[in-house]
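What follows is one structure encoded as structure tokens, with my remarks underneath.
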Amino acid sequence: MATMGPEDRERFARRDEGPLSSTTLRREPEPERDRSIKVVAGGSITEALCGAATVVLAIIGLAGTTVPPGDVASVAAIVFGVALMAQGAAVAARFNQLLRDTAPYDWDARGDLGSGVGAELVGGAAGIVLGILGIIGLGQPVLIPIAVIVFGGALLIGSGAAAELGSLRAPATNEHFAHVARQASSAASGTQVLVGLGAIVLGILALLGIAPVMTTMVALLVLGASVVLSGGAISGRMVALLRH
């Protein structure tokens, strides 16, 4: 029985390594895409958790505890600002990769994603600053309703980004789950529009002195509930994209 010489062994080794290396090259882009999806999912989960905390704080403010309602509203504004910034920062960090998953010439989608991220970052940062100023007692009855108006505008502009994140392409093997997650993201985006408009109206009413404490707390309550819904829908969509 003949034995293989060094040249034969080298030839067989090259033949075995060839398909493996080509497969590895084909799969190189996947980890980068998965990393982007995980970052956005983390931001969405953080947004949902902060939204839930905002809802709890708003309920505490409406319940009339010993804590001054203005202080509760200020803390709720800070928490909600963190919620917006968490999602906006997550999308901004992986913005270029997310653009690759939209249609190459869908400039409306890219514009919605960019404007939505900017609105969330600016609105969240402004809300945090206004909440901090409210906690230290600088114009609480005015600054917190202004923060509510800012949050409403951020949700109104950012609703397009939520819809675009829900329309990212998913593997065909998960089409049913992806369809459900896509529909949930679309519904959450529509809810954001309505909640944003309602928050702006309630903020204006609070500035006009019409039951300012109640209108501000109700606005924060619905704002928090909205980001719980949108954060949960987007994170579910990201899970659908990761299931392959």
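V39 - would you say it is surrounded by 12 or more Cβ atoms within 10 Å (Cβ to Cβ) and at pLDDT 90 or above? For V39, the condition - surrounded by 12 or more Cβ atoms within 10 Å (Cβ to Cβ) and at pLDDT 90 or above - is not met. Of the set (1) buried (at least 21 other Cβ atoms within 10 Å of the Cβ); (2) modelled with pLDDT of 90 or more, all apply to A240 but (2).
If only residues of the range 42-65 that are out of contact with any helix residue (DSSP H, G or I) (no Cβ under 6 Å at 6 or more places or on another chain) and among the hydrophobic types (A, V, I, L, M, F, W, C) are counted, the one that is modelled with the lowest pLDDT is A63. Is it the case that some residue within the range 182-199 is over 19 Å from A48 (Cβ atoms), surrounded by fewer than 19 Cβ atoms within 10 Å (Cβ to Cβ) and at pLDDT 70 or above? Yes - at least one qualifying residue is present in the range 182-199. Scanning the range 200-228 for residues that are crowded, with 24+ Cβ neighbours inside 10 Å and either touching a strand residue (DSSP E or B) at 6+ places or on another chain (Cβ under 8 Å) or aliphatic (A, V, I, L, M) (or both) yields L202, A206, M217, A219, L220, L223, V227. For the subset of the range 200-226 comprising residues that are of a type in the set (G, A, S) and within 26 Å of the chain's Cα centre (by Cα), which member is modelled with the lowest pLDDT? Top of the filtered list is S226.
The values are calculated or read from the model by the stated rules, or taken from the named source; none is laboratory data. The structure presented is a predicted model; accordingly, all values stated were derived computationally and were not measured. Cβ: placed from backbone, ideal geometry, glycine included. Neighbour counts: every protein chain shown.
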